[in-house]
Every structure is written in structure tokens, then in C-alpha cells.
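First up is the structure itself, then whatever we jot down about it.
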Amino acid sequence: MRRKYNKIPKLHIRKGDTVKVLSGNDKNKTGEVKLVNLKEGTAIVDGINMVTKHRKPDADNPNGSIVKLESPIRVSKLQLMVNGEATRIGRKLNENGKLQRFSKKTGDFINN
């Protein structure tokens, strides 16, 4: 369903969710989402998609350094983990009439 006013799509994951990586070098690894970028459709997951950055010397670090950081990963490569199992996500109205995420595997609502 196309959104009429806000053209940025809603994503199936949010900050703080535990996710499983579906493809790439870190396939089948799990981690917690630290940051979600809606416009680019990417997320930064703790301990996943690590890259090495070389830092130039500055006043705080006169010798420079080599740092390992998490790099953004596409949201389409991530699947939400609910109760230790990967599951697809849907949206439906709860008893209060609010649109809420639910697990398609179990049918239970996901607490935000």
C-alpha cells in the first residue's frame, strides 16, 4: 500500500530489536539494532558488518590509530528475532485500534 503524504516507507525493524542477518559475510549472526536510517533503508547492528578505519593523528591521539566500527547494513538483509526464532513481520490493529507489529509465525503482537 502506497503512503499518500510521507513517502519514506515504514520498516519492519526498530532500534533495540534483536535481528538475524540473512545474507553476506555475517550470515546467521544475531545482534541488537543500534540505529536505523529510514531514508537510506539501512541499520547499524551491534557486532555485525565490522570494518576497519584508519584514524589520522590529531591532538587527542598524536600517533593515529586503527579502529573497528560497525558499518550500515541494508534492512532487507535483516529479519526480526522473536523469542529466539526469526520471524516475518506484519501490521494489524490491536484491541485499542492502534496499528501494531505482529509475528507471522506465532500471530502474537510484538511489544515495542
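Values quoted throughout were computed directly from the atomic coordinates according to the rules given, and no laboratory measurement underlies them. Predicted model, so just to flag it, every value in this text is computed and none were measured. As a convention, Cβ positions derive from the backbone with ideal geometry for all residues, glycine included, and neighbour counts pool all protein chains shown.
For the chain, which semi-axes, largest first and in whole Å, follow from the square roots of 5 times the eigenvalues of its Cα gyration tensor?
Semi-axis lengths for the chain are 34, 17, 12 Å.
Can you give me the long-range amide H partners of Val82? Hydrogens built in the peptide plane at 1.01 Å from N, cutoff under 5 Å, separation of 5 or more residues or another chain.
When sequence neighbours closer than 5 places are left aside, the close amide H contacts are Thr87.
Can you tell me which of Ser76, Ser65, Ser23 moves the most in a GNM of the chain? Springs connect C-alpha atoms under 10 Å apart.
Ser65
To the nearest 0.05, what FRET efficiency results for Glu85 and Tyr5 with a Förster distance of 41 Å applied to their C-beta separation?
According to the calculation, E is roughly 0.70.
If you filter the stretch 68-106 for trypsin sites (Lys or Arg not before Pro), then keep DSSP loop positions with at most 12 other Cβ within 10 Å, what is left?
The qualifying sites are Arg88, Lys98, Lys104.
When we measure straight from the Cα of Lys10, which lysines land under 29 angstrom away, once same-chain ones fewer than 8 places off are left out?
Excluding near neighbours in sequence, the set is Lys20, Lys27, Lys29, Lys34, Lys39, Lys77, Lys92, Lys98, Lys104, Lys105.
Mind listing which GluC sites (Glu not before Pro) in the stretch 8-112 are in a DSSP loop and have 15 or fewer other Cβ atoms within 10 Å?
When the GluC sites (Glu not before Pro) of the stretch 8-112 are filtered for loop state and at most 15 Cβ neighbours within 10 Å, Glu40, Glu95 remain.
For the stretch 1-66, what relative contact order do you get, as a whole percent, if you take Cα pairs closer than 8 Å and at least 6 residues apart?
Contact order relative to length: 21 percent.
Using a Gaussian network for the chain with springs between C-alpha atoms less than 10 Å apart, which of these wobbles most: Lys39, Lys15, Lys27?
Lys39
Just to be sure I understand the model, the point goes 7 Å from the Cα along the line to the Cβ. What's the resulting Gln100 to Asn28 distance in nm?
For the pair Gln100/Asn28, the computed spacing is 3.4 nm.
In whole percent, what relative contact order does the chain give with Cα contacts below 8 Å and a gap of six or more residues?
Result for the chain is 20 percent.
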